[in-house]
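In what follows, a single structure is set out as structure tokens and then discussed.
Values in this text are rule-based calculations from the coordinates and carry no lab data. Worth saying up front: this structure is predicted, and the values here are computed from it rather than measured. For neighbour counting, all protein chains shown are included, and Cβ atoms are generated from backbone atoms with ideal geometry for every residue, glycine included.
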Amino acid sequence: MKVAATDSAVNISPVPDTWQRRHLLGLEALSKEDILTLLHTAVELKAATGGCKDKLSILSGKTVANMFFENSTRTRNSFSLAARRLGADTVEFSASSSSLSKGETLIDTAKTIEAMNVDAMVVRHSTPGSPHLLSQNVGCSILNAGDGPHEHPTQGMLDIMTIYEQRGSLEGLTVAMVGDITYSRTARSNIWGLKKLGAHVIVCGPSTLVSKAWEEFGVEVSHSLDDIIPRCDVLNLLRIQFERQYTRPFPSVREYAFLYGMNKRRMEQAKDDILIMAPGPINRGVEITPDVADGPHSVILHQVTNGIAVRMAALYLTTTANQREG
Amino acid sequence: MKVAATDSAVNISPVPDTWQRRHLLGLEALSKEDILTLLHTAVELKAATGGCKDKLSILSGKTVANMFFENSTRTRNSFSLAARRLGADTVEFSASSSSLSKGETLIDTAKTIEAMNVDAMVVRHSTPGSPHLLSQNVGCSILNAGDGPHEHPTQGMLDIMTIYEQRGSLEGLTVAMVGDITYSRTARSNIWGLKKLGAHVIVCGPSTLVSKAWEEFGVEVSHSLDDIIPRCDVLNLLRIQFERQYTRPFPSVREYAFLYGMNKRRMEQAKDDILIMAPGPINRGVEITPDVADGPHSVILHQVTNGIAVRMAALYLTTTANQREG
Amino acid sequence: MKVAATDSAVNISPVPDTWQRRHLLGLEALSKEDILTLLHTAVELKAATGGCKDKLSILSGKTVANMFFENSTRTRNSFSLAARRLGADTVEFSASSSSLSKGETLIDTAKTIEAMNVDAMVVRHSTPGSPHLLSQNVGCSILNAGDGPHEHPTQGMLDIMTIYEQRGSLEGLTVAMVGDITYSRTARSNIWGLKKLGAHVIVCGPSTLVSKAWEEFGVEVSHSLDDIIPRCDVLNLLRIQFERQYTRPFPSVREYAFLYGMNKRRMEQAKDDILIMAPGPINRGVEITPDVADGPHSVILHQVTNGIAVRMAALYLTTTANQREG
């Protein structure tokens, strides 16, 4: 059987002593060393699974609960596949049919699931800090899959891994995040991670979505994509999250596309080896034109594959650290 | 591999000849001997799986269908984990997306699923007797996961198992079920099971939720929690099921909490070794205060773990009996 | 373990060189030889799995994504069980919670899922041609699980397989499809497949649901069930799809049942060995009476079991052909 064969042929490095984290709540709290451990483990697991494809059994006997209190298919399935490709079982919880609608507290919901002997919970919730709250109240590992506009650490890591794969290092690169920064957990997690690995980060967008206050995060703030393009090694084009906006941050989608959309004309101003990234789902014709999304500089689909690598690494590291302490 | 290692090291007792049941429809119909078989098998399977955690393969090659026509995550996932920890495959059906909405009868839905070679169906339905109807029309095993206000046998058994683990026997214990008895399938299943094992059962709550007619079930009826507390070995605090009530059974939630909520003051009147149980999800501050729910007498989370044990036992016993007869 | 035992005992025929199809989009495009390959592979896999019950590992290490953008439990679970009985992993996507609701294109959704290293996508979509569009844009195998009123090839194949099991050949048989032909992808797939295997096909129903234009498909058109019954070897009673009809195609359900429902009286006019089929879910008392649905001529539940056989065959053939070319 392929499963067994793959497995016995593979030696995954043990979790280093420096990794002490039982949870992955955000990249803000991680040291540079922790981030590198996550990164190198993801790279190793991607290779060991033939590109996130084959199965290992290093999490065999473990159970991972997907607890998504906001809609998701992409991240949910990415975590689910990551867990199963390491041999873990998965259980799925959703907001609509859960006991929360019967008045149960979030902590009680989590404790109940923990009592079913779950080893890790993957949590997405609209309230910032929800995964942190749970991590203080349960014994299993908590992985933040997005807490409101706060953090989305595996998305940050998969973006970083994709740049690392292409360039070998983040040190000294200029990475611009373009678009809806205010509401973006992806932007926050990227900023924390990129800066710790030595990249220069620019956040760019209309002043209604990118305030000057972002300079306090140690990043450069720009309101003109055309101004910054020639300096960028990486452009990460965030989706306009129409579903998160309560007032209109710009006159029209057309104007946004005109001012901040990446297109053929702007590609001509860019470095020859610029990387085009987007966390997806993408709005074609808004933040990115089809020729750029599907062009040779786009690594958008690499990001998707690396999402599984990063999530395998996060599940492996946190549950192993958890077992060590317990 | 852990899975194989666990498996070969474990010897599960064969199903006793006295167990002839291909279905688990309710505790009313079970003999004392049947209930003890379920109980002892659950205890054995819990131990054999390291506390409902490791995997066995005694149901390998079998498929269990979860058919929940009412919302559920807790019971659904508990059954699903129970099935998979015994090595079975699971398939999920739900009311909203099922063919029932296209005019198919419940029996035809079940026969169709059976034709996909399912070995057991776990059925939750708002209509009392639905699992019984199906058991007369399909060849596979039917497990009742709650039929309206009628029975919820695995919930009754997990409550009983939790008491048994703490006390070694149910004989002579006084167990009070407090709250919304009228609409409670949990209360009904508990009453049948507890009485067969020799416990004295009290049902307690406002007269709008606990009528004198319950005396016909051979239980004591009380309308005052304060009166009965000193005599109780176990208090099972049922959730007020706001979603099942069509008229208001009490003036206000606050008054209910004042009269029937378990709190610190009432704990002082209780026996030193009282067990506090709740089927969950709990409404903190209504039927139970946080200090009691999280206190040393609470076995609420043990109930959750034992839910998996009891469901493993039920799946093992019914499908094995089914095979023996077929 | 049963899984391993079954597996090593079984030799599945290699995919013949004549089968070059990486996708299963419809029966219209298949040659007679292709259809026979699908049919014989389904028969072989059914036998090798003890009647679509045991597990093989011929798709071990592969992942199948279920992408149902229309509600389904029957077909979705049938594909899911087929995939898992061949040893594949499955992931589930649904319309409501998917990124499509965030403005993503269908192609981008599919490419994203493909980047998670999926080997086959099972697609149901209300727009005819959606699976064809995807097959031109992704590298993995696409299996059409119903595209609007266009085709539903595995349904066509399972109907054909059920007749083949009973009669040994389709050559020269007269098969009538009765009912809602206009909106029926099942009818279209059946017609293509049946005619290629040499059957004579009649479509029968009220003129509002069965127009004379169907004669262009090379089938006989009838508006009277009573007229054609004596000549039929097989009756396939399509469900009236109330959810797909925008204007009323007949005066009343009662009148439809009177004119086109199969019942005891009409069975007396039929051949002694007539086969009664229905793709389900059935509306008892409309297109079929209970005594006929549950009677000795009914092979409705065989159709369900054969659905798994046909889907195992389709997954095996397409993904193997895909690997061969890649």
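A few remarks follow.
- Placing +1 on the Cβ of every Lys and Arg and -1 on the Cβ of every Asp and Glu, with nothing else charged, gives segment B:153-303 a dipole about its Cα centre of roughly 340 debye.
- The protein assembly as shown shape via C-alpha gyration tensor axes, a/c threshold 1.5: oblate
- In this entry, segment B:223-326 is assigned a mean projected area of 9.3 nm², taken as a quarter of its C-alpha convex hull surface.
- Proportion of all alpha-carbon pairs of chain B beyond 33 Å (%): 26
- A DSSP coil position with no more than 16 other Cβ atoms inside 10 Å describes the following chymotrypsin sites (Phe, Trp or Tyr not before Pro) in segment A:220-326: A:Tyr246.
- The label point for C:Arg324 and the one for C:Glu28, both projected 7 Å from the Cα toward the Cβ, are 2.6 nm apart.
- Given charges at Cβ of Lys, Arg, Asp, Glu: segment A:57-207 dipole, positive-most of A:Ala65, A:Phe79, A:Ser94: A:Phe79
- Taking the C-alpha atoms only, the angle from helix C:32-48 to the longest principal axis of chain C is near 80 degrees.
- Cα gyration tensor shape for segment A:79-181, rounded if a/c is under 1.5, else prolate or oblate: prolate
- Rounded to two decimals, the Cα radius of gyration of segment B:14-108 over 2.2 N^0.38 Å is 1.27.
- Residue and distance for the chain B Cβ closest to the axis that moves B onto C, in whole Å, come to B:Glu92, 5.
- Over chain B, Cα pairs under 8 Å with separation of 6+ residues give a relative contact order of 21 percent.
- Kirkwood-type hydrodynamic radius, segment B:153-303: 15.1 Å, calculated from all non-identical alpha-carbon pairs.
- Filtered GluC sites (Glu not before Pro), segment A:151-217: DSSP coil and at most 12 other beta carbons within 10 Å: A:Glu171
- Here's the list of aspartates and glutamates a cross-link from C:Lys195 could span, going by alpha-carbon distance under 20 Å and ignoring same-chain residues fewer than 8 apart: C:Glu28, C:Glu33, C:Asp34, C:Glu151, C:Asp159, C:Glu165, C:Glu171, C:Asp180, C:Glu215, C:Glu216, C:Glu220, C:Asp233.
- Helical content alone sets the calculated 222 nm signal of chain A at -11500 deg cm²/dmol, taking -39,500 (n - 2.57) per DSSP H segment of four or more residues and averaging over every residue.
- Comparing A:Gly146, A:Gly61, A:Gly129 in a Gaussian network model of chain A (Cα springs below 10 Å), the most mobile by mean-square fluctuation is A:Gly61.
- The charge dipole of the protein assembly as shown, taken about its Cα centre with unit charges on the Cβ of Lys, Arg, Asp and Glu (plus for the first two, minus for the last two), comes to roughly 20 debye.
- For segment B:262-326 versus segment A:34-68, the gap between their alpha-carbon centres in whole angstrom: 35
- A full extension of the chain between B:Asp272 and B:Phe217 corresponds to an added length of 16.9 nm, given 0.36 nm per residue minus the alpha carbon distance.
- The other copies place their A:Asp294 label points at 5.5, 5.5 nm from this one, listed shortest first, where each point is 7 Å from Cα along Cα→Cβ.
- Test item: Cα-centred dipole of chain B, Lys/Arg +1 and Asp/Glu -1 on Cβ, debye: 520
- Segment B:153-303, relative contact order in percent, only Cα pairs under 8 angstrom and at least six apart counted: 24
- For segment B:102-124 and segment B:140-171, distance of Cα centres in Å: 24
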